[in-house]
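J.: Questions regarding the structure given below will be posed in turn.
The values are calculated or read from the model by the stated rules, or taken from the named source; none is laboratory data. Values in this document were obtained by computation on a predicted structure and should not be read as measured data. Note that we place each Cβ from the backbone using ideal geometry, even for glycine, and neighbour counts take in every protein chain shown.
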Amino acid sequence: MRLITVIELQERLAKGERLNLVDVREPAENLEFNIGGELIPLGKIKNMEVDQLEALKSEEVICYCRSGNRSGQACLILDMLGFTNTKNLEGGMLAWQQLKK
């Protein structure tokens with residue numbers, strides 16, 4: 001797992017890069033605010049219910065949550081499952097929203 005900053009992610013999205021974003025928050029949090037990632041709550045990742053990500057094992061997968069804690073856990077679990085390029089969004093959606101102010 002590596003870290004990616006909000007600024008780095010925003011720059012890449014602005015360039016139109018196709019990124020594999022995974023939102024590990026709960027559905028209600030995702031409804032409040034999201035940046036387009038696939039919603040897979042951390043509980044599902046902990047239960048290894050990640051079939052929809054299987055094809056991305058050797059690709060970059062960027063996980064995010066509210067603050068960066070749950071997404072860090074998700075990255076570690078995915079790494080244990082054989083994913084080779086996970087990134088945790090440093091500061092999560094809190095940092096994203098702070099930057100937009």
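J.: For the chain, which strands (runs of 3 or more DSSP E) that fit wholly inside it have 1 or more residues that are among the basic types (Lys, Arg) and modelled with pLDDT of 95 or more? Steps first, answer last, please.
T.: Working: elements: 2-4, 21-23, 61-64, 86-89.
Here the list reads 2-4, 86-89.
J.: Separate question: Would you pick out the residues in region 1-28 that are touching a residue at least 60 places away in the same chain (Cβ under 8 Å), crowded, with 17+ Cβ neighbours inside 10 Å and out of contact with any Asp or Glu (no Cβ under 8 Å at 6 or more places or on another chain)?
T.: Selection gives Leu9, Arg25.
J.: Also, quick follow-up: Is there a residue in region 30-52 that is within 10 Å of the chain's Cα centre (by Cα), among the charged types (D, E, K, R) and surrounded by 20 or more Cβ atoms within 10 Å (Cβ to Cβ)?
T.: no
J.: When the residues of region 53-82 are filtered to those that are among the polar types (S, T, N, Q) and farther than 17 Å from Gln10 by Cβ, which remaining residue is surrounded by the most Cβ atoms within 10 Å (Cβ to Cβ)?
T.: Gln73
J.: Output the number of the condition that Gln97 fails; it satisfies all remaining conditions of (1) closer than 23 Å to Arg18 by Cβ; (2) in contact (Cβ under 8 Å) with a residue 12 or more places away in the chain.
T.: With (1) closer than 23 Å to Arg18 by Cβ; (2) in contact (Cβ under 8 Å) with a residue 12 or more places away in the chain applied to Gln97, the lone miss is (1).
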